[in-house]
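The block underneath contains the structure these notes are about, expressed in structure tokens.
The values are calculated or read from the model by the stated rules, or taken from the named source; none is laboratory data. For clarity, every value in this text was computed on a predicted model and none was experimentally measured. As a convention, Cβ positions derive from the backbone with ideal geometry for all residues, glycine included, and neighbour counts pool all protein chains shown.
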């Protein structure tokens, strides 16, 4: 399977990722010159110069074939093999060695929110993000928003998020959910424990199946009349609160 990566930050991080295979940069001469003129790459990558019309045609065809939303304004992209999936067993092995930081995204399917959350997760040093989706790949717009984050974080696609969280709990991972409907604003994480922050979709919040098994659910306290937040913003506040010393 092939990813089509757009956004210069995402392209640069993917080129520098040795786990990305069969990489090729495709774009207009001006865009390619700008990309390689301002960045030093240790990994060699093929390049193909095309016209604006040809570039637009290729991006449209890729999106149509894969049922992705169309993207506009693309001047350069990187095509590369999709990264291999992280198996949850690898995470279990690492839990034996040190406390870890996780996110679990419950039915967050909007690619803009997903990408923004991943970018923030990398900023806060999150070890892995658990989610559950049928689609094994992400559209070009996701890579633009994520700004290189997928190259630096483990993504674990689970068949059942609730069952996956239950398995983490059996390995002493504390699972903490966030909901605007909760009254409790406080939670004290056990020292030296691995922690998984659970966030739900903006429309429905955390699903009942997940809510039943998490250790606690708290709210982010509002200081004004609006009580809810965009989920990517809420995730950043949650990570600042629980993933920093």
Query raised in the report: Does the stretch 204-241 hold any residues that are surrounded by fewer than 18 Cβ atoms within 10 Å (Cβ to Cβ) and within 19 Å of the chain's Cα centre (by Cα), and which are they?
Result: 229, 230, 233, 237, 240
Query - Residue match in the stretch 71-89 (condition: free of Cβ contacts under 8 Å to residues at least 60 places away in the same chain, exposed (fewer than 13 other Cβ atoms within 10 Å of the Cβ) and either under 30 Å from residue 209 (Cβ atoms) or in contact with a helix residue (DSSP H, G or I) (Cβ under 8 Å, 6 or more places away or on another chain) (or both)) - result: yes
Query raised in the report: Going by the structure shown, is residue 149 in contact with a helix residue (DSSP H, G or I) (Cβ under 6 Å, 6 or more places away or on another chain) and modelled with pLDDT of 95 or more?
Result: yes
Requested in this report: For the stretch 111-133, state whether one or more residues are outside the structural domain of residue 9 (by TED's automatic domain parsing), on the phi > 0 side of the Ramachandran plot, in contact with a strand residue (DSSP E or B) (Cβ under 9 Å, 6 or more places away or on another chain) and surrounded by fewer than 17 Cβ atoms within 10 Å (Cβ to Cβ).
Outcome: yes
Requested in this report: May I ask you to verify whether residue 35 is in contact (Cβ under 8 Å) with a residue 40 or more places away in the chain and in a helix (DSSP H, G or I)?
Outcome: yes
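Residue-wise test of (1) within 11 Å of residue 106 (Cβ to Cβ); (2) modelled with pLDDT of 85 or more.
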{"position": "201", "(1), (2)": "yes, no"}
{"position": "209", "(1), (2)": "yes, yes"}
{"position": "220", "(1), (2)": "no, no"}
{"position": "228", "(1), (2)": "no, no"}
Report task. Name every residue in the stretch 190-203 that is surrounded by fewer than 17 Cβ atoms within 10 Å (Cβ to Cβ), in contact (Cβ under 8 Å) with a residue 24 or more places away in the chain and closer than 25 Å to residue 171 by Cα, in order of residue number. Result -> 192, 193
Report summary line: Here the residues within the stretch 134-167 that are over 23 Å from residue 69 (Cα atoms) and either in contact with a strand residue (DSSP E or B) (Cβ under 7 Å, 6 or more places away or on another chain) or not assigned by TED's automatic domain parsing to the domain that holds residue 209 (or both) are 153, 154, 156, 158, 161, 164, 165
Report summary line: Quick count over the stretch 38-70, residues being surrounded by fewer than 14 Cβ atoms within 10 Å (Cβ to Cβ), touching a helix residue (DSSP H, G or I) at 6+ places or on another chain (Cβ under 8 Å) and either touching a residue at least 60 places away in the same chain (Cβ under 8 Å) or within 14 Å of residue 8 (Cβ to Cβ) (or both), is 3
**Report entry** Among (1) farther than 18 Å from residue 30 by Cα; (2) in the same structural domain as residue 17 (by TED's automatic domain parsing); (3) within 21 Å of the chain's Cα centre (by Cα), the one test that residue 94 misses
**Finding:** (2)
